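Please read the structure below before turning to the comments.
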Amino acid sequence: MIGLTGMLVLELDGMTMAVIALSLFWIHVLLISGAGVMDLVELGRLRRRVLAARAGEVRSARGPGGLLARNWVEQLGRLDRRGGPRQIHFHDRAQHSEVFGGQVALAEGGELELVPASAGQAAVWPELGERAKRAGQVDAERFGQAAVAAGKAKGFERIVETRIVVGDRVWVIDGEPASRMILADHDPRAWLARSIGLVLALVIGNVLVAGLCTLLALASPHFGWVSMIGAAGALGWFLAVQPLGVAVHDAVRSPDSAFLRGRWQDG
Amino acid sequence: MSSAASESAHAETWLVRRREEWRQVGIVAVYWSLLAAMFVWPPARSVPVFAAACYFSFLNSVVIHNHLHQGVFHSKRLNLIWRAVLSFGALYPASANIPAHNLVHHHFDDDGQPDWATPDCVRFRWNLLDLLHFPNVAGPQTFAGVQRWALISRHPNFVDQYRRETAFAFGLTGVLFVIDFWTALFFIVLPQLYGARCILRINLIQHDRTDIRSEWNHSRNFVGRGFNWIMCNNGYHTIHHNRAGLHWSELAEAHQREVVPRQDPRLDEPSMVAYLLRTYVLHWLRPARLDLSGAEAGSGLTSREHRRAEANDSAMAESTA
């Protein structure tokens, strides 16, 4: 049995606990940055393909109504229960892409024949800001019925579709044996640059903030006011960087599978 | 036995619904005693007491899990107060378990999107890093999911109760910081976070490389008797998923009766420690997905939608004082 003396032998003094706490802090800081590096590696693989994207204009399409390709998100809307103005909150259930096939006149000259392809073989990238804006526009006539449906157990189902049709500008990223063909309705280099920037900011910023907190926590005199501010900062950063890491990871999902969500508000 | 009949059969126990609940009350009492001892009595700030506090913090989260399925006490008001007590121990509002665990995780589905604590949310090649990193992803996904669910929830008291638990957990921890910053940080917050993060890791441990589409091969069970005594039978995970209304004290028997004849025997692990060593320490890479096709013998269950609706009704009844 460990008596009082024995317990004192295994005493955990402030310095030992500080080392333990900082070690745990840094393990998780590095894990979060490490996960960011994995996102960067994937974006890096995509970069080579995106830089080779070929711009053009849709000349003909085999889909209904001159449809070359589409991306659609299945959403379920549910009524806000908190009171106040009526709102419907949307939740993504699934994202899909489909290419019907057609011809694209390339800006560099020549034509590109696209064959039909469904999910797994092709991805259609919508411009995310424009899609979110379109999906958020409240249809005043439809809102009443939608709110009634959203208040029921089944919810209000809707589909948000992005279409690429004859006459549209399009960017084509050719498929490779191990990857899907990508069709974008916007220049995908802007999305890629923003995504790489976001992840780099997380990876580097995380280490810098953690380093600053650590420097303050280790300031002399140990366990003084400055040290305390550093430790409180480290705890705060430990709690904050986790949702930040997830938010960044979600923000760089490829546009064909990016979350849409959103809401409608009455009036 | 129906839940109403079951409850009346146990109504003679004083204060708690079943006498087995005293084990859970005891776990929480021991945990608070360990934290209090370390906070006020410097000789208690030692390796064994600190390690015990971390372990009991994990057990406190196990009690949260059980309590949010079936309240410990006869009094619903006392059950709501108990949630706040448990929330301090884990530094998160216990009621988060209703959407995160009872309504989403149990059915591996959030209205068509994956479970917020899906094992697929981590992807390091070195599997030990997956275990360490898992709460960094599953935790934020869970709390973001809870926030979204709270906006549309029909549970009338959820938001108020959630706020009360948050205020108590963070308020009391804040008071301890004001009294003695370093002691609170090292001997209160570290154990709190350890328990909260380990209960998230259990999702990975119990479901990684199983088949969540299956009705009987979706979970890994840890069937050691001593382990299940202190863990209040939380090792029997398959039957708990499928019969969420069953009290934890009845899970061992139900596991033998319903799960063993139906599930792939590789999903019964005699020891969690041995499993953790084998999976995360002795092997570098994440194991392959188990081929469980054809292993399942009949469902014998109502649909997942039906079970989710039952869980929702039960949680709503438990949350109303």
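Values quoted throughout were computed directly from the atomic coordinates according to the rules given, and no laboratory measurement underlies them. Fair warning: this is a prediction, and the values are worked out from it, not measured in the lab. Cβ atoms come from the backbone with ideal geometry, glycine included; neighbour counts cover every protein chain shown.
A few remarks follow.
- Coarse-grained scattering of segment B:130-172 at q = 0.23, 0.25, 0.26, 0.28 Å⁻¹, given as base-10 log I(q)/I(0) from a Debye sum over alpha-carbon atoms: -0.86, -0.90, -0.92, -0.95
- Every helix of 4 or more DSSP H residues in chain B counts as -39500 (n - 2.57), and over all residues that averages to -17000 deg cm²/dmol at 222 nm.
- Per residue Cα convex hull volume in Å³ - calculated over segment B:148-299: 178
- Sum of side-chain charges, B:Arg201 neighbourhood, beta-carbon under 14 Å (Lys, Arg +1; Asp, Glu -1): 0
- Shown here are the Rg and Dmax of the Cα trace of segment A:1-144, at 27.5, 86 Å.
- Taking Lys and Arg as +1 and Asp and Glu as -1, the other residues whose beta-carbon sits under 14 Å from that of B:Phe186 total -2.
- B:Glu310-A:Ala140 pseudo-label distance in nm [points 7 Å out on the Cα-to-Cβ vector]: 4.8
- Helix-derived mean residue ellipticity, 222 nm - over chain A, DSSP H n ≥ 4, -39500 (n - 2.57), to 500: -15500 deg cm²/dmol
- Only Lys, Arg (+1) and Asp, Glu (-1) charged, at Cβ; chain B dipole about Cα centre in debye: 540
- Kirkwood Rh and Cα Rg combined as Rg/Rh, chain B: 0.95
- Shape category assigned to the protein assembly as shown from the gyration tensor of Cα positions, a/c cut at 1.5: prolate
- This ranking places A:Glu98, A:Glu157 by how few other beta-carbon atoms lie within 10 Å of each, fewest first, which gives A:Glu157, A:Glu98.
- Among B:Ile27, B:Ile239, B:Ile179: highest mean-square fluctuation, GNM of chain B, C-alpha pairs under 10 Å: B:Ile179
- Cα-based values for segment A:182-243, radius of gyration first and Dmax second, are 17.8, 59 Å.
- Most to least packed among B:118-131, A:182-195 [average Cβ atoms within 10 Å]: A:182-195, B:118-131
- Column: log10 I(q)/I(0), Debye, Cα scatterers of segment B:108-154, q = 0.13, 0.27 Å⁻¹: -0.34, -0.98
- Per residue of B:104-112, other chain Cβ atoms within 10 Å of the residue Cβ number 2 on average.
- Segment A:105-184 versus segment A:205-267: alpha-carbon centroid distance in Å: 33
- Peptide A:10-18, shielding by other chains (average Cβ, 10 Å cutoff): 5
- Structure remark: mean-square fluctuation, Gaussian network model of chain B, C-alpha springs under 10 Å; the largest value among B:Thr166, B:Thr238, B:Thr183 belongs to B:Thr183.
- Sorting the segments A:131-141, B:61-71 by their residues' average number of neighbouring beta-carbon atoms within 10 angstrom, most packed first, yields B:61-71, A:131-141.
- Alpha-carbon centroids, segment A:12-38 and segment B:42-106: separation in whole Å: 25
- Shielding of A:78-87 by partner chains, average beta-carbon count, 10 Å: 3
- Among A:Gly83, A:Gly211, A:Gly129, the residue with the largest mean-square fluctuation in a Gaussian network model of chain A, with springs joining Cα atoms closer than 10 Å, is A:Gly83.
- Separation of alpha-carbon centers, segment B:306-321 and segment B:221-275, rounded to whole Å: 23
- Charge sum, other residues only, whose C-beta stays under 14 Å from A:Ala117's C-beta, Lys/Arg counted +1 and Asp/Glu -1: -2
- Fewest-first sequence of A:Trp26, A:Trp171, B:Trp14, B:Trp116 by Cβ atoms within 10 Å of each Cβ: B:Trp14, A:Trp26, A:Trp171, B:Trp116
- Hydrophobic, long helices, defined as DSSP H runs whose alpha-carbon span along the helix axis is 24 Å or greater and whose mean Kyte-Doolittle value is at least 1.6, do not occur in chain B.
- Taking 16 Å as the cut-off, the amide N atoms of segment A:7-49 that come nearer than this to a point 7 Å along the Cα-to-beta-carbon line of B:Ala144 belong to A:32-33, A:35-36, A:39.
- Sorted fewest first by neighbouring Cβ atoms within 10 angstrom, B:Asp111, A:Asp39 come out as B:Asp111, A:Asp39.
- Look at the dipole of segment A:87-174 built from charges on Cβ: of A:Gln121, A:Val170, A:His96, the Cα furthest out on the positive end belongs to A:His96.
- Computed over segment B:140-203, the ratio Rg/Rh where both radii use C-alpha atoms and Rh is Kirkwood: 1.07
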